[in-house]
Amino acid sequence: MSHHNNNALQVEKGSIDIVKILLEGRAFFALIVIIIVFSMLSPVYFSTGNF
Amino acid sequence: MSSHVAVFGLLGIGMLFVILTGGIDLSVGSTLALCGVFAGMLLEGVEIEALDLAFFPSVWVVVVLTCLLGGLVGAINGVLVAYFKVPAFVATLGMLYVARGAALLLTDGLTFNSLSGDPALGNTGFEWLGFNKLFGIPVGVLILFCAAVICMLALSRTPFGRWIYSTGGNARAAELSGVPVNRVKLSVYIISGVCAAMAGIVLASQLTSAGPTAGTTYELTAIAAVVIGGASLMGGRGTVRNTLLGAFVIGFLADGLVIIGVSAYWQMVFTGSVIVFAVMLNNVQYSAKRKSSQQAEKTAEIKREGSRASAT
């Protein structure tokens with residue numbers, strides 16, 4: 001019984017960690033999404049000339 | 001694109017210090033304009049009619065004097081907030097008008113255009129700050145990263161940094177445990193002013209013109225960069241690294257929208273939505289943290305009870 005509880009706790013912890021990572025790094029992920037989206041929309045966006 | 005970010009980043013770092021102590025600095029946009037105009041005025045030469053003299057200070061003197069002016073403006077804000085107990089919002093709102101007015105008075109509403117200097121007078125090289133690249137990176141961005149590294153070390157490695165965080169967390173408790181709260185508040189506004197002055201110099205150098213209307217609404221962009229970086233407006237929470245990321249998000253988003261040709265009106269709508277979404281996520285994060293800490297307490301309690309039960 002206790003073993004089962006421990007497992008459930010661990011699974012819960014794992015899912016919280018993923019959400020936590022996404023939340024804590026959200027500015028970073030937002031930046032990556034912005035760069036990818038605009039690079040697809042415009043070829044000159046992610047070039048050294050534009051840097 | 002990245003030199004655009006440099007201005008927002010410098011303003012954002014200064015703003016972060018103020019927001020960490022639980023205050024807010026609405027005057028950075030006007031301070032930026034005032035300092036830019038002041039630098040332009042110095043580069044065009046200062047004449048003292050009574051002594052029949054004219055000064056043409058070289059660029060590094062101009063930079064130092066301009067940063068001092070920014071620090072002075074910040075110090076006025078800081079004294080008002082820390083010692084006269086004027087609410088930060090009101091004191092810096094007043095300074096927003098005063099500094100903008102002073103910038104307009106300095107130039108009579110005109111713009112200084114000839115900032116390149118004269119080789120005979122030895123004050124050339126101002127546009128180097130905004131235009132040139134070192135190792136392929138614009139100088140403005142290098143200035144931003146130097147400022148960021150210094151501020152990062154100050155916040156995480158020095159007692160001063162811990163004082164700032166504790167002042168923002170609970171000013172009364174910090175004061176009772178020996179933190180010089182008033183001095184900390186004064187110094188964060190000075191730091192914000194100096195950062196705004198550096199941003200003003202970089203902007204004036206990029207445009208090779210110093211206008212008194214530059215940087216209108218930049219204070220709000222700076223606040224947005226800090227908030228997107230996950231800092232709390234209540235104070236005590238936030239880092240330089242995330243603020244820089246916030247500045248990059250705002251700058252890259254704005255420039256990307258320009259490049260793909262979205263109308264200026266839609267740009268405002270997008271930027272506003274991003275800011276609101278970021279603040280919403282902040283709340284989710286804080287409540288998740290509180291919940292997880294409560295949960296940890298509960299499990300610890302259960303364990304303690306369990307061990308007690310097994311002992312008996």
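Any read-out appearing in this document is the output of simple, stated calculations on the displayed coordinates, not a laboratory observation. None of these values were measured; they are calculated from a predicted model. Note that we place each Cβ from the backbone using ideal geometry, even for glycine, and neighbour counts take in every protein chain shown.
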Note down the magnitude of the dipole of chain B about its Cα centre, charges +1 on Lys and Arg C-beta and -1 on Asp and Glu C-beta and zero elsewhere, to the nearest 20 debye.
1940 debye
Please compute the net charge surrounding B:Thr92, taking Lys and Arg as +1 and Asp and Glu as -1 over other residues with Cβ under 11 Å from its Cβ.
-2
The base-10 log of I(q)/I(0) that the Debye equation returns for the protein assembly as shown at q = 0.06, 0.11 Å⁻¹, one scatterer per C-alpha, is -0.28, -0.81
Spin-label proximity, B:Ala120 to segment B:37-56 - amide N less than 20 Å from point 7 Å beyond Cα toward beta carbon
B:42-48, B:52-56
Which FRET efficiency value, to the nearest 0.05, do you get for B:Glu47 and A:Asp17 by plugging their Cβ-Cβ distance into 1/(1 + (r/R0)^6) with R0 = 56 Å?
0.30
Relative contact order, percent, of chain B when contacts are C-alpha pairs under 8 Å separated by at least 6 residues?
34 percent
Take a quick pass over the protein assembly as shown and tell me how many lysine pairs come in under 13 angstrom between Cα atoms, counting only ones 8 or more apart or on separate chains.
5
Along the charge dipole of chain B, Cβ charges K/R +1 and D/E -1, which of B:Gly169, B:Thr124, B:Leu186 sits furthest on the positive end?
B:Gly169
Whole-angstrom Cα spans of segment B:1-135 along principal axes, big to small
49, 46, 23
Lys, Arg +1 and Asp, Glu -1 on Cβ, resulting dipole of segment B:1-142 about Cα centre, debye, nearest 20
640 debye
At a temperature of 10 °C and a viscosity of 1.306 mPa s, determine how fast segment B:172-236 diffuses translationally according to Stokes-Einstein, using the Kirkwood radius over alpha-carbon pairs as Rh; express D in µm²/s, rounded to the nearest whole number.
111 µm²/s
Efficiency of FRET between B:Asn170 and B:Val64 - r from beta-carbon atoms, R0 25 angstrom, step 0.05:
0.10
Taking every residue of B:263-270, the Cβ atoms of other protein chains inside 10 Å of its Cβ average out to 0
